[in-house]
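Novice: Please find one structure pasted underneath; my questions will follow.
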């Protein structure tokens, strides 16, 4: 009897051992499947082959200066540490060592260029066609249902297209980074611009209208899990010029009257910075700073104003020669004038001046400041600035 009980205990122990081993094997298989799926999503989202290819390409190049591509310079933008140059016929992409990674021909004079992270979106205003590149690789090309009048590119690779339809004045359609539609809003409002938050969960849309003989600009906020307007902010008597998420909590709104800071959670206006005279001729917004160029034609004066992301003035400067471009980043402000480039600290204290004429644009990409003339693309280093601190 005792031996039979011992055998029964042994059999039960074996069955438990077999069951546990099978459970462990099943769990390992499930973890492996999940890991493969996650890795596949990661590779698709980050376009791993392109990253690897461009990583290898990043080691080569002739260096700067480079011969400019020619034509009329229309726009320059950073694509990570690379630079994108758009002229009236081509779009060029160069790595940080000056190697040309991409050259797209037959660019329309209405082509608009957007860049975020490693992606760039190009479209022609009034045309339904658009393209999306991941660095130098074309990953999507299509025609929207209606002509595109504005667009936004999100940090996650999602994007929004604004169009006009037969039924509605404006229609905003949002797509995932995999080019699948996941939100749409149609309105009788004239939507001029949109912005996507970094998480890819919300959108701000700016419309322009009129009421009582004056401008009426409105900012609509949406959460993509809700098809209705979540919050709205009306700005009577103001013409909206630009809007951008400064963070997931705050939205910067540039109008002809100044800067407005909107709380993305409540839809409330939390701060304003008014321009008392003149007009805003140029604005640059980043997550940390807002840079405004105020022009006063009456006094023939230009003022560069640096603001914090909360709309607090940090400093200002009145360059002696006309301002052509501005850049802010890395705790420094660069102002291009007809006489050269002025460099300021984050309190707008002048720390250097590089005197050179003929510069058309400047661009911060990575940790480098590039400048563009009609003949060359160059990198500006500290040795070119006098008054170096």
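The values are calculated or read from the model by the stated rules, or taken from the named source; none is laboratory data. The shown structure was predicted, so the numbers you read here are calculated from the model rather than taken from an experiment. No Cβ is skipped: glycine too gets one built from the backbone with ideal geometry, and neighbour counts run over all protein chains shown.
Novice: In region 330-344, what count of residues is obtained for those that are at positive phi and in a strand (DSSP E or B)? Let's see the steps before the verdict.
Specialist: Going residue by residue through region 330-344, those that are at positive phi are 330-331, 340.
Those left that are additionally in a strand (DSSP E or B): 340.
Summing the residues that are at positive phi and in a strand (DSSP E or B) in region 330-344 gives 1.
Novice: Would you say residue 352 is assigned to a loop (DSSP other than H, G, I, E, B) and either modelled with pLDDT of 95 or more or loosely packed, with under 15 Cβ neighbours inside 10 Å (or both)?
Specialist: Numbers: assigned to a loop (DSSP other than H, G, I, E, B): no; either modelled with pLDDT of 95 or more or loosely packed, with under 15 Cβ neighbours inside 10 Å (or both): yes.
So residue 352 fails the test.
Novice: Which of the residues belonging to region 241-253 are free of Cβ contacts under 8 Å to residues at least 60 places away in the same chain and either surrounded by fewer than 22 Cβ atoms within 10 Å (Cβ to Cβ) or over 23 Å from residue 116 (Cβ atoms) (or both)? Break it down into steps so the answer makes sense when it comes.
Specialist: From region 241-253, those free of Cβ contacts under 8 Å to residues at least 60 places away in the same chain are 241-245, 248-249, 251-253; that's our starting set.
Within region 241-253, 241, 242, 244, 248, 249 qualify.
Novice: Take the residues in region 333-348 that are under 17 Å from residue 309 (Cβ atoms) and modelled with pLDDT of 95 or more, then tell me which one is nearest to the chain's Cα centre (by Cα).
Specialist: To start, the set of residues in region 333-348 that are under 17 Å from residue 309 (Cβ atoms) comprises 333, 346-348.
If we keep only those that are modelled with pLDDT of 95 or more as well, we get 333, 348.
Details: 333: 19, 348: 25 Å.
Selected residue: 333.
Novice: Which one of these does residue 65 not meet: (1) modelled with pLDDT of 90 or more; (2) within 23 Å of the chain's Cα centre (by Cα); (3) surrounded by fewer than 16 Cβ atoms within 10 Å (Cβ to Cβ)?
Specialist: Only one criterion is unmet by residue 65, namely (2).
Novice: Just to verify a result, which residue in region 280-318, among those that are within 19 Å of residue 343 (Cβ to Cβ) and part of a loop (DSSP other than H, G, I, E, B), is modelled with the highest pLDDT?
Specialist: Let us first name the residues in region 280-318 that are within 19 Å of residue 343 (Cβ to Cβ), namely 282, 284, 286, 288-293, 302-307, 314-318.
From the residues that got through so far, the ones that are part of a loop (DSSP other than H, G, I, E, B) too are 286, 288, 318.
On the way: 286: 86, 288: 90, 318: 96.
Top of the filtered list is 318.
Novice: Search region 313-329 for residues that are in contact (Cβ under 8 Å) with a residue 24 or more places away in the chain and pair each with any residue that is surrounded by fewer than 15 Cβ atoms within 10 Å (Cβ to Cβ) and part of a loop (DSSP other than H, G, I, E, B) when their beta-carbon atoms are under 6 Å apart and the residues are at least 6 apart or on different chains.
Specialist: 314/347; 315/347
Novice: Every residue in region 173-224 that is more than 19 Å from residue 248 (Cα to Cα) and in a loop (DSSP other than H, G, I, E, B), please.
Specialist: 178, 179, 180, 188, 189, 212, 213, listed by residue number.
Novice: Got a sec? Which of 272, 217 is modelled with pLDDT of 95 or more, within 18 Å of residue 162 (Cβ to Cβ) and out of contact with any helix residue (DSSP H, G or I) (no Cβ under 9 Å at 6 or more places or on another chain)? Spell out the reasoning first.
Specialist: Working: 272 fails: within 18 Å of residue 162 (Cβ to Cβ).
Residue meeting the stated conditions: 217.
Novice: If you don't mind, there's one more thing I want to ask. If residue 277 meets every condition in (1) touching a strand residue (DSSP E or B) at 6+ places or on another chain (Cβ under 7 Å); (2) outside any strand (DSSP E or B); (3) farther than 18 Å from residue 216 by Cα; (4) in contact (Cβ under 8 Å) with a residue 40 or more places away in the chain apart from one, which number is that one?
Specialist: Unmet for residue 277, out of (1) touching a strand residue (DSSP E or B) at 6+ places or on another chain (Cβ under 7 Å); (2) outside any strand (DSSP E or B); (3) farther than 18 Å from residue 216 by Cα; (4) in contact (Cβ under 8 Å) with a residue 40 or more places away in the chain: (4).
Novice: Ok, one more. In region 99-140, how many residues are crowded, with 17+ Cβ neighbours inside 10 Å, touching a strand residue (DSSP E or B) at 6+ places or on another chain (Cβ under 9 Å), without any contact (Cβ under 8 Å) to a residue 60 or more places away in the chain and farther than 21 Å from residue 194 by Cβ?
Specialist: Matching residues across region 99-140 total 4.
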